[in-house]
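**Q** Structure in structure tokens, see below.
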Amino acid sequence: MRPLTEEESKAVFTKLANYIGKNLIHLIDRQDEPYCFRLHKDRVYYVSESSMRLGISVARPNLVSLGTCFGKFSKTGKFKLHVTALDYLAQYAKYKVWIKPNGEMPFLYGNHVVKAHLGRITEDTPEHQGVVVFSMKDIPLGFGVTARSTVDTRKLDPTAIIVFHQAYVSSTVIRFLYSPTPSDVGEYLRDEDTLF
Amino acid sequence: MGRRAKNKQGAPEPLEKKTYSTSKKLGKRKADSDSDLDDRATTRPPKKIKDSKAKPRAPDSKPSSKAKGQNKSSVKTAKSIPKSDSDNDFGDGWEDVEGDVDVNDEFSSDEFQGITNNLDDLSEEDDEDYPLRSTTQKFDFDTDEEEEGIQPVLKGNKSKQHERPSKIIPTSSDGSDDFDYDESADEGRVTMANMEARSRALDAKAAAEAELDEEELQGAVARKDEDDDFDMDEADEENDAEPFHLPTAAEREAEKHAGGPDLQVVQRRMRECIRVLGKFKQLAEKDRSRSEYTDQLVADIASYYGYNDFLAEKLSQLFPVAEAVEFFEANEVPRPVTIRTNTLKTRRRDLAQALVNRGVNLEPIGKWTNVGLQVFESSVPIGATPEYLAGHYMLQAASSFLPVIALSPQPNERVLDMASAPGGKTTHIAALLQNTGVVFANDTNKARTKSLTANVHRLGCKNVVVCSYDGREFPKVMGGFDRVLLDAPCSGTGVISKDQSVKVNKSERDFTMLSHLQKQLILCAIDSVNPESKTGGYIVYSTCSVTVDENEAVVDYALRKRPNVKLVETGLSFGREGYTKYRGKIFNPSVSLTRRFYPHVHNMDGFYVAKFKVEKRSKAAATVEEPVTIPEKFVLGEEAAVEQVQEDVGFDSEEDRPYLEEAKRRRMKAKGLRPPPRSKPAHRA
């Protein structure tokens, strides 16, 4: 466990900023308790400082996780967000997408969000913007990247993809063809082995 | 879940497909039902009376029965009627008079609503259907067979069984269930409609089986050295007068050679053993000891439910005999599926609403928890709903709420969960802490920490540190916890309904090893607690086992080893008290503050919870006691000892040698070596 280097922080924060934009500041400057980012075995954890101090006494080989896992660095040095960061992303997300009940299960099985399933979307969402996907009951389900801007979606046909489920085309272990990268909570079921 | 539960309940059926080999009576009844169906109403009551009258005489009528062999049944019946009237006070006298009517009434009111005119057919149905019933029902329904004496016990049994599953497992065969009411009434009507045809078909089958039965009867008779088959009634009489003959060791051996006993026989023998052990003085055969009956019962339990002998004995020692069988019976039925609301993300009412909308049938578990929900039936997989994945609830057995409730962690505390995977209790603790403070979730098994971490993240617990140590390393890694939960690794004898493999794969060695490990762990847990803690200083020890050597013995050990801990109330409103005495072992009286939970009583997994409070280590307490007691001992013997010591100060090696040698032998034995035979027995003398 160690603090992030300059480069690593940059990678992490750029990625996060794609979803929460300026709200990133709320993650770093918290009102309640100082929190910090820590790297442990390629994974980035977001943890309160008090927990982190206690966690120091656990030896490196024995420490499995602490606080919230935000994602991991790939071998090539790229940072990938994990669905475990969803709680914070959902809290601070700038752009949101709500999907209808009949679209929930397809999304949880790793499919993209099509227009027919789209319930609501934040006004003026640009193209290729990171968005957090909610159910109509405001339960955060995952996150992804928009395929089109809000304006463009109006003229699309119902089967067109609105949100790409795969936020990143990368080199994770692909266990299911329909789920190239984990970014929905269904991943807790499917990818438990690779997640942590 | 409901569907699965039904399947599970149905499972025991194949065991009983065998035909009756025990009673001659049935064969005869089948035969006569074949010949004359309508006569039954008139023939049965006298027979009934005879049965029930003959029964009480069981112990002493055995030798005389042969002499009376020539008596005609009619004479017998005539004789018995006045007699049964006269000794009405004899336990089951009331059944003699109106036994049949009673039984049938019960059935009609209980089960077959509105059918009262078909009493005969009903009772016959019972008789014929009997072999197909599943085990639990068996105890309820075979009232008119040979049960008069055992009736009270079984009634208690039945009522309990009803209390229990009626809420949780709606069995369609259990007619008294509220929500199955209409269904069962329908069934009754259908049965009534084709009752005639069905009973006729059954009769035909019975006739065919009658011959088979006859043969089997011969076998049974041969076993008892009774070949008086010439008079059926007499044979009947015999059978009832000697309802139960405990097989001798030789007979059991023979039985084993013949490939094990018939399950029907075993079941009946178990019932009879329970009955006899309940009223041993009156019912036992002469010159048979109580232990013979218990041994037989344990052996039968082992073979009937498929336990190994060791475990069957160990578990049945925990309860009175009748309750023991209930326990084993309960282990065959799955416990209800329960979920715990994650209060970090939602509220129970909202969650229940969301799940009901998905077609899940559920209800709060009980008053003792405000986060638990019990799932009766679900049209969707309960472990893959969007709510589950979003971490709004956790699939968790009701029993695993208990240790956390007992621990009752307070916000801003530092809590350790020593054996935490898969994280049900850890996340519960984190929820009670409201994501403040810190929870250390430890598990020895690295592979299991994966699912632990996944659950921790899914449920949104942000204050959890997951680590993978052997629990015994713990005070060294880190101490100073406000509360420690030790859900110790155990034999799992409380969760046999979940994991049937426990029945056969646990031996004495496992229990010794486990309790050894548990004792080490509990001391580590105690040492990890900060006794100075302002809000806490508590330890909860729990296991999912019911045996005493994993529970009370461990707790008692901890109390003896650590004088600064004491047991406190668990804060659980129900559960049985822990044993303070068990088979010659006497535990600390405060062990009664611990709580035991049983599948057959509380309808949750067998569980054990103990809560300790760690006090400051007071050096004074330890030193004050010793100086007071030890010098006193010396003082007493001092005068005499001083003189002796002065006489011969040196070692007497000759005298010491046998002791030394004995110690050496013991050391070798402890190492697993075989000591040489005692060379000089003279030393011993």
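**Q** Label-point separation (nm) for B:Lys613 and A:Asn23, each offset 7 Å from Cα along Cα-to-Cβ?
**A** With each label point 7 Å from Cα toward Cβ, the separation is 4.6 nm.
**Q** How large is the translational diffusion coefficient of region B:277-404 in µm² per second when you combine the Kirkwood radius over alpha carbon pairs with Stokes-Einstein at 25 °C and 0.890 mPa s?
**A** Result for D is 137 µm²/s.
**Q** Going 7 Å from the Cα of B:Asp527 toward and past its Cβ, which residues in region B:536-559 have a backbone nitrogen under 20 Å from where you end up?
**A** B:537-542, B:554-559
**Q** Please compute the contact order of region B:364-495 in relative form: average sequence separation of alpha-carbon pairs under 8 Å and at least six residues apart, divided by the residue count, as a percent.
**A** Relative contact order of region B:364-495: 25 percent.
**Q** For region B:489-591, state which trypsin sites (Lys or Arg not before Pro) are in a DSSP loop and have at most 12 other beta carbons lying within 10 Å of their beta carbon.
**A** Listed in order of number, the matching sites are B:Lys534, B:Arg583.
**Q** Under a plain spin-label model, where a point goes 7 Å from the Cα along Cα-to-Cβ, how far apart in nm are B:Gln353 and B:Lys669?
**A** 7.0 nm
**Q** So who's got an amide H within less than 5 Å of the one on B:Asn412, skipping anything under 5 residues away but keeping other chains? H placed 1.01 Å off N, in plane.
**A** B:Thr436, B:Gly437
**Q** Return the distance in nm (one decimal) between the two label points of a simple spin-label model at A:Met136 and A:Ser57, each offset 7 Å from Cα along Cα→Cβ.
**A** In this crude label model, A:Met136 to A:Ser57 measures out at 5.1 nm.
**Q** Taking the Cβ of B:Thr346 as the centre, find all other residues whose Cβ is under 12 Å away and add up their charges (Lys, Arg: +1; Asp, Glu: -1).
**A** So the surrounding residues net to +3.
**Q** Hey, any idea what the orientation-averaged projected area of the convex hull of region A:6-81's Cα atoms comes to, in nm²?
**A** Mean orientational projected area (region A:6-81, Cα hull): 5.3 nm².
**Q** Stick to Cα atoms and the Kirkwood definition of Rh, then tell me Rg/Rh for region A:90-133.
**A** For region A:90-133, the value is 0.95.
**Q** Taking θ as phi - 60°, what are the ³J(HN,Hα) couplings along region B:551-564 by the Karplus curve (6.51, -1.76, 1.60), each to the nearest whole Hz, with x for Gly and Pro?
**A** 10, 4, 4, 5, 4, 4, 4, 4, 5, 6, 7, 10, x, 8
**Q** Strictly greater than 18 Å: what percent of every Cα pair in region B:456-552 meets that?
**A** The share of Cα pairs beyond 18 Å in region B:456-552 comes to 56 percent.
**Q** Can you pull the Kirkwood radius for region A:94-172, inverse mean 1/r over Cα pairs, to one decimal in Å?
**A** Kirkwood radius, region A:94-172: 12.2 Å.
**Q** Now for a different question. Which one of A:Pro34, A:Ala11, A:Ser74 has its Cα pushed farthest toward the positive end of the charge dipole of region A:6-81, where Lys and Arg give +1 and Asp and Glu give -1 at the Cβ?
**A** About the Cα centre, the residue reaching furthest to the positive side is A:Ser74.
**Q** Continuing with this model, one more query. Amide H to amide H, which residues 5 or more places from A:Ala147 or on other chains are under 5 Å from it, using H placed in the peptide plane?
**A** Long-range HN contacts for A:Ala147: A:His128, A:Val163, A:Phe164.
**Q** In Å, what Kirkwood hydrodynamic radius results for region B:447-506 from the alpha-carbon pair distances?
**A** The answer is 14.5 Å.
**Q** Full extension from B:Glu654 to B:Glu577: what is 0.36 nm times the residue separation minus their Cα-Cα distance, to one decimal in nm?
**A** Residue separation times 0.36 nm, minus the Cα-Cα distance, leaves 22.3 nm.
**Q** Follow-up. Say R0 is 45 Å: what FRET efficiency, to the nearest 0.05, do B:His516 and B:Asn361 get from their beta-carbon distance?
**A** 0.50
**Q** With a cut-off of 8 Å between alpha carbons and a minimum separation of six or more residues, what is the relative contact order of region B:337-395 in percent?
**A** 45 percent
**Q** 5 Å is the cut-off here: which amide hydrogens, built 1.01 Å from N in the peptide plane, fall below it relative to B:Val337, excluding neighbours closer than 5 in sequence?
**A** B:Val375
**Q** Among the listed pairs B:Lys314/B:Lys503; B:Lys425/B:Lys585; B:Lys279/B:Lys506; A:Lys94/A:Lys137; B:Lys503/B:Lys611, give every one whose C-alpha distance is greater than 21 Å.
**A** Long pairs (Cα-Cα over 21 Å): B:Lys425/B:Lys585; B:Lys279/B:Lys506; B:Lys503/B:Lys611.
**Q** Another question, if that's okay. What order do you get for B:Met513, B:Met418, B:Met478 when you list them from fewest to most C-beta neighbours inside 10 Å?
**A** B:Met513, B:Met478, B:Met418
**Q** From the backbone phi of region B:603-618, what are the Karplus-calculated ³J(HN,Hα) couplings (6.51 cos²θ - 1.76 cosθ + 1.60, θ = phi - 60°) in whole Hz, Gly and Pro given as x?
**A** 6, 9, 4, x, 8, 9, 9, 10, 10, 10, 10, 9, 9, 4, 5, 9
Just so you know, all these numbers are worked out from the coordinates, no wet-lab data involved. On a predicted model such as this, the values are computed, not experimentally measured, just so you know. Quick reminder, even Gly has a Cβ in these numbers, built from the backbone with ideal geometry, and neighbours come from all protein chains shown.
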